[in-house]
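Here the structure comes first, spelled out in structure tokens, and everything after it is commentary.
Since every read-out is calculated from the coordinates, none of them should be taken as a lab result. Given the structure is predicted, the values throughout are model-derived calculations rather than measurements. Every residue, glycine among them, receives a Cβ derived from its backbone with ideal geometry; neighbour counts consider all protein chains shown.
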Amino acid sequence: MSNGTMTGDLHGTATGTLGGHVSRVSFAIVAGAVGLGAGALVPTYIASDFVLRLGSEGLLLGLLALSVAFLMSQAGLVALSAASIYGGAGYLFAIGMSEWDLTPAMALCTAFLIIVAYATVLGALIVRTNPLAFMMLTLAAGEMLSHAVLLEGLRDYTGGADGLVVRMQGSILGIDVADFANPARFWSLAWIVAVLVGATFWVIARSRLGAILRAVRENEERMRFSGFNTFVPRLIGYVLVNVVAAIAGLLHALNAGFVSPESLGLSVSTNALVAALMGGISGALGPILGGLIFSFAQDEFGARGLTQLLTGVAIVLFIVVFPRGVIGGLSSALRLLGWRREAP
């Protein structure tokens, strides 16, 4: 075989490989765009307002579950403080609107910056600890905030056990804040946010930051001896997941027009953890799906008057039958049927 022929074959192979890669990327972009648009619009035409509200709650829980799952899968850390960031952001937004007379956009930005600054300081204090201590410290921090809003001295700001009604006046980026209560419009917004956050976490998991987090998770001491800074990547990961929790909390406050101490409660954090385990923590789709399943299941169980009992039974069954979550179970089933997932 001549050099020219070999070069031509290699060039052809490389061109074909590159062409195939570009085709797959193009297909993924088109499929993603179609899925984003269809998911945002189709349910608003075929589902009732009640179903859309349940779905929106499921997407917000899915966002929380996604933040919990990302930290678990990438850093090996379980955080039980998602509710404190979720509810805290909502409270700060409500206080900004009602007590500080801020515009909706200013209240949103102020609440977001304050809660992210709090998460950064908290993260700087606790991410150095071992996983068990980290979990307990996040639990303690969350409980501290949930009880702080009930203090009598803060009742004028937080409303105590009664919670706070958000003064829904003004607009954000040209959108009247009252429109966030519209089930169809809020579903579209929540869907777009969930897809974008999921795609962002998917990219981060495949970035250098994701690789370092996983390496630190496997052997932190070896990473330190190898010259890697293990503190900063963990702190960045912790702040990132709390940014998502804050976004979910702000969306909830805009949609509900009300914040209560229950939004800061441990049950919100544990629901997010359960949703992540039900859907699967290894990817971005599982936690979102888990949030939707959890939301609709809770409504069905509540209609039968056996919410806690049936929820407990369902959690046990899900974890026993799908130890890697629904997505992990489906992936295993597809492999058994002969499908092969291509390596990323």
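Take THR270 and tell me if it is surrounded by fewer than 18 Cβ atoms within 10 Å (Cβ to Cβ), within 22 Å of VAL116 (Cβ to Cβ) and not acidic (Asp, Glu). Please lay out each step first, then the result.
On the way: surrounded by fewer than 18 Cβ atoms within 10 Å (Cβ to Cβ): yes; within 22 Å of VAL116 (Cβ to Cβ): no; not acidic (Asp, Glu): yes.
Judged against the criteria, THR270 is not a match.
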Condition met for GLY142 (surrounded by 18 or more Cβ atoms within 10 Å (Cβ to Cβ) and closer than 28 Å to THR270 by Cα) | yes
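Considering only the stretch 269-324, how many residues are assigned to a helix (DSSP H, G or I), in contact (Cβ under 8 Å) with a residue 40 or more places away in the chain and in contact with a helix residue (DSSP H, G or I) (Cβ under 8 Å, 6 or more places away or on another chain)?
Initial filter on the stretch 269-324 (assigned to a helix (DSSP H, G or I)): 269-279, 285-303, 307-321.
Those still in the list that are in contact (Cβ under 8 Å) with a residue 40 or more places away in the chain too: 269-279, 285-296, 299, 315, 318-319.
In the following step, the residues that additionally are in contact with a helix residue (DSSP H, G or I) (Cβ under 8 Å, 6 or more places away or on another chain) were identified as 269, 271-279, 285-296, 299, 315, 318-319.
Count: 26.
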Find the residue count for the stretch 145-181, including only residues that are touching a Leu at 6+ places or on another chain (Cβ under 7 Å) and either farther than 19 Å from GLY88 by Cβ or surrounded by 17 or more Cβ atoms within 10 Å (Cβ to Cβ) (or both).
-> 7
If we take the stretch 104-164, then helices (runs of 4 or more DSSP H) inside it with 3 or more residues that are within 23 Å of the chain's Cα centre (by Cα) are 104-126, 131-148
